[in-house]
Amino acid sequence: MENKKLIEVKDLKKYFNVGNNAILKAVDGLNFFIREGETLGLVGESGCGKSTAGRTIIRLYEATGGEVIFDGINVHKLDKKGAKDFTKKAQMIFQDPYASLDPRMTVGDIIGEGIDIHNLYTGKERMERIYELLHTVGLNREHANRFPHEFSGGQRQRIGIARALAVEPQFIVCDEPISALDVSIQAQVVNLLINLQREKKLTYLFIAHDLSMVKHISDRVGVMYLGTMVELASSTELYKRPTHPYTQALMSAIPIADPDVEKARKRILLEGDVPSPINPPPGCRFKARCRYATERCSQEIPEFREIDKDHFVACHNV
Amino acid sequence: MEREKILEVKDLHVSFDTYAGEVKAVRGVSFYLNKAEAIAIVGESGCGKSVTAQSIMKLIPMPPGRIKSGNIIFNGVDITKFSDKKMEAIRGSEMGMIFQDPMTSLNPTMVVGKQIAEGLIKHQHLSKKEAMTRAVEMLKLVGIPNPDKRAGQYPHEFSGGMRQRAMIAIALACNPKLLIADEPTTALDVTIQAQILDLMKELKSKLDTSIILITHDLGVVADMAERIIVMYAGKVVESGSVEDIFYDPQHPYTWGLLKSVPRLDAENKEQLVPITGTPPDLFAPPKGCAFAARCKYSMEICYEEQPCDMEYNKDHFAACWLGHPDAPKVERPIKGRGVK
């Protein structure tokens, strides 16, 4: 039986005004859903709008257009009280564990802030809860009185995770939670996230540019390019049968730690760089770098359609 | 046939004197590099890989840094004791370096063409005009479209990938014998990373440059390097050919590195095997093996005595007591060639 859809994103748009009458279309029409208890991975190169999408979904940014339905409610149409309740349900883990913790607060206060705001526990119970959270993420209770600068990157990321868990959310947006960490520490944090999901039935939106890690942790993966989603499928399907030319290129560009495989395989090299999201070209966003681009691609925006069960692609030539 | 050695580093020790004491960043590193060969130094942040590279170029700030002992032999000459002036003549002409962050390592107030020409004017005594012509040629060589126009632009007008290409053009302008690339693709996206790695491979075969590639990503080196040096806490823990390191690694740290990265072509979602704990403090490195505290195979001797290099073949060494004839046999997590 499939779980219900916890989050539905419908034609979500987020534009930024960058001055000089220019508009940066960071996210331009996203459509997808996340089922309860699953991990949806979001990949793409820098500037493709994946972080903006994550932030807009949990209302750190107001949406320019479209809607995000969380458990039946539109998160961008909430009143003050509703907005506060929503922050208890949805939390975020940030990329940079150095910049996302207040250097003047102790770890205990950082984790306890959410508990205080939502009046979950007070006094002795509050401290017990903080110790419990520290224990959950693999730190110990003595750490509660220390400051963030006393911790390593991996430990700080654990503090960030404890802070997100403090309000017992249903949904966590993980915005590149491991990019800033060393490889041996990355595996520790990823294993922690997977175990927490199993224990607490969490739903994740996992944003990263490291496709192999995303494939490892996610049930389904969406590939973004220049503000739009070009392909969405289960992680095994996406790896076995990448259909969009951009996904194919992205897959082939990822280095594999095996010399025999690496020497034998053929890379699809993309020419040039990602174009600017300010006044993006009409039609398909990827056409300038696409090997299969036709006349139609520069005129019509390809529809994001289902080509197989749970496999969506936005390309004219599929 | 013996290949000619372009660089040899012997028992290099580098320390930094800080207010809190001496940080022993590099603690006895030895390796060599053949002519027209590419090797990779792999390790996590703080393992001393960048300090090793910067010591070769004498780019570490002295003080607080100092080369305590050891020798760096470049092109048959011991450059360890070279004066700044003598080093200046070598840097840029005989050795070039590419840095991780192309935005902060290019001069933002100078057009890119001039930055390439600078070295040519200084080292090859070209006239300004000749140097500029050569700079445009270099930009063309590294695959920048419209090199004429681009040479007159500032770094902020370049994208990340193009800046890294410009860096490569600067480093290779004087046709150096040795190119040190310190995490050249870490700041770049995968599709751009593929472009840059491809370019470096192409230039290596075209110009016969020897390359030291420094990275934390084992995937990047699989296709690029001939030999790999794995560093941990300021020491070389294992070195060998690419095949040795990937298919027959001997050091538990190398196993850990290989096992902690999920493979894109792996079939099932296997649990990752992380290396527990964190690297040791280099203010007071442990007496025995620096990896012992994080190693699940550690024995009593590991905490007591530094393991010496065990030889597995002519080029393959690992500093681990497990290689000692008296050590217990352990099951290796890396199964070898062709096995996922």
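Within the group B:248, B:281, which residue is more than 19 Å from the chain's Cα centre (by Cα), more than 10 Å from every other protein chain (Cβ to nearest Cβ) and surrounded by fewer than 16 Cβ atoms within 10 Å (Cβ to Cβ)?
B:281
Starting from residues that are charged (D, E, K, R) and in contact with a Ser or Thr (Cβ under 8 Å, 6 or more places away or on another chain), keep the ones in region A:16-42 and report whichever is farthest from residue A:224 (Cα to Cα).
Checking each candidate, the answer is A:36.
Residue A:138: in a helix (DSSP H, G or I) and either surrounded by fewer than 17 Cβ atoms within 10 Å (Cβ to Cβ) or of a type outside the set (Lys, Arg) (or both), yes or no? Break it down stepwise before answering.
Working: in a helix (DSSP H, G or I): no; either surrounded by fewer than 17 Cβ atoms within 10 Å (Cβ to Cβ) or of a type outside the set (Lys, Arg) (or both): yes.
So residue A:138 does not fit the description; no.
Please work out if residue A:52 is touching a Leu at 6+ places or on another chain (Cβ under 9 Å), hydroxyl-bearing (Ser, Thr, Tyr) and either crowded, with 17+ Cβ neighbours inside 10 Å or not in a helix (DSSP H, G or I) (or both).
On the way: touching a Leu at 6+ places or on another chain (Cβ under 9 Å): no; hydroxyl-bearing (Ser, Thr, Tyr): yes; either crowded, with 17+ Cβ neighbours inside 10 Å or not in a helix (DSSP H, G or I) (or both): yes.
It is false that residue A:52 is touching a Leu at 6+ places or on another chain (Cβ under 9 Å), hydroxyl-bearing (Ser, Thr, Tyr) and either crowded, with 17+ Cβ neighbours inside 10 Å or not in a helix (DSSP H, G or I) (or both).
In the set A:27, A:18, A:9, which member is touching a Leu at 6+ places or on another chain (Cβ under 9 Å) and within 14 Å of residue A:232 (Cβ to Cβ)? Even if it seems obvious, please write down each step before you answer.
Values: A:27 fails: within 14 Å of residue A:232 (Cβ to Cβ); A:18 fails: within 14 Å of residue A:232 (Cβ to Cβ).
Just a single option satisfies the conditions, and that option is A:9.
Considering each residue of region A:93-132, count those that are aliphatic (A, V, I, L, M), out of contact with any Lys or Arg (no Cβ under 8 Å at 6 or more places or on another chain) and outside any helix (DSSP H, G or I), and give that number.
3
Would you check which residues across region B:69-112 are small (Gly, Ala, Ser) and either free of Cβ contacts under 8 Å to residues at least 24 places away in the same chain or part of a strand (DSSP E or B) (or both) and list them?
B:69, B:70, B:76, B:83, B:96
Restricting to strands (runs of 3 or more DSSP E) lying wholly in region B:215-326: which have 3 or more residues that are of a type outside the set (Ser, Thr, Tyr) and under 27 Å from residue B:21 (Cα atoms)?
Once the strands (runs of 3 or more DSSP E) in region B:215-326 are filtered for at least 3 residues that are of a type outside the set (Ser, Thr, Tyr) and under 27 Å from residue B:21 (Cα atoms), what remains is B:235-241.
Would you say residue A:273 is among the charged types (D, E, K, R), in contact with a Gly (Cβ under 8 Å, 6 or more places away or on another chain) and within 14 Å of chain B (Cβ to nearest Cβ)?
Values: among the charged types (D, E, K, R): yes; in contact with a Gly (Cβ under 8 Å, 6 or more places away or on another chain): yes; within 14 Å of chain B (Cβ to nearest Cβ): yes.
It is true that residue A:273 is among the charged types (D, E, K, R), in contact with a Gly (Cβ under 8 Å, 6 or more places away or on another chain) and within 14 Å of chain B (Cβ to nearest Cβ).
Surrounded by fewer than 19 Cβ atoms within 10 Å (Cβ to Cβ), modelled with pLDDT of 90 or more, farther than 29 Å from residue A:148 by Cβ and within 16 Å of the chain's Cα centre (by Cα) - does that describe any residue in region A:19-33?
yes
How about region A:190-234: which of its residues are assigned to a helix (DSSP H, G or I) and away from every other protein chain (no Cβ under 12 Å)? Don't jump to the end; show me each part of the working.
Applying the first criterion (assigned to a helix (DSSP H, G or I)) to region A:190-234 yields A:190-200, A:211-217.
Matches in region A:190-234: A:196, A:197, A:199, A:200.
Condition check ((1) exposed (fewer than 15 other Cβ atoms within 10 Å of the Cβ); (2) in a loop (DSSP other than H, G, I, E, B); (3) hydroxyl-bearing (Ser, Thr, Tyr)) across all residues:
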residue: A:256; (1), (2), (3): no, yes, no
residue: A:262; (1), (2), (3): no, no, no
residue: A:266; (1), (2), (3): yes, yes, no
residue: A:272; (1), (2), (3): yes, yes, no
residue: A:283; (1), (2), (3): no, yes, no
residue: A:296; (1), (2), (3): yes, no, no
residue: A:301; (1), (2), (3): no, yes, no
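May I ask you to list the residues in region B:222-245 that are within 8 Å of another protein chain (Cβ to nearest Cβ) and either closer than 22 Å to residue A:213 by Cα or out of contact with any helix residue (DSSP H, G or I) (no Cβ under 6 Å at 6 or more places or on another chain) (or both)?
Answer for region B:222-245, where residues must be within 8 Å of another protein chain (Cβ to nearest Cβ) and either closer than 22 Å to residue A:213 by Cα or out of contact with any helix residue (DSSP H, G or I) (no Cβ under 6 Å at 6 or more places or on another chain) (or both): B:222, B:223, B:243.
Looking at region B:167-210, which of the residues that are closer than 30 Å to residue A:208 by Cβ, touching a Leu at 6+ places or on another chain (Cβ under 8 Å) and not in a helix (DSSP H, G or I) is modelled with the lowest pLDDT?
Restricting to residues being closer than 30 Å to residue A:208 by Cβ, touching a Leu at 6+ places or on another chain (Cβ under 8 Å) and not in a helix (DSSP H, G or I), the top hit is B:185.
Of A:261, A:318, which residue is modelled with pLDDT under 85, away from every other protein chain (no Cβ under 13 Å) and over 23 Å from the mean Cα position of the chain (by Cα)?
Going through A:261, A:318 in turn, just one is modelled with pLDDT under 85, away from every other protein chain (no Cβ under 13 Å) and over 23 Å from the mean Cα position of the chain (by Cα): A:318.
Does residue A:318 meet the test of being in a loop (DSSP other than H, G, I, E, B), exposed (fewer than 15 other Cβ atoms within 10 Å of the Cβ) and touching a residue at least 40 places away in the same chain (Cβ under 8 Å)?
yes
The values are calculated or read from the model by the stated rules, or taken from the named source; none is laboratory data. In this text, all values refer to a predicted model and were calculated from it rather than measured experimentally. No Cβ is skipped: glycine too gets one built from the backbone with ideal geometry, and neighbour counts run over all protein chains shown.
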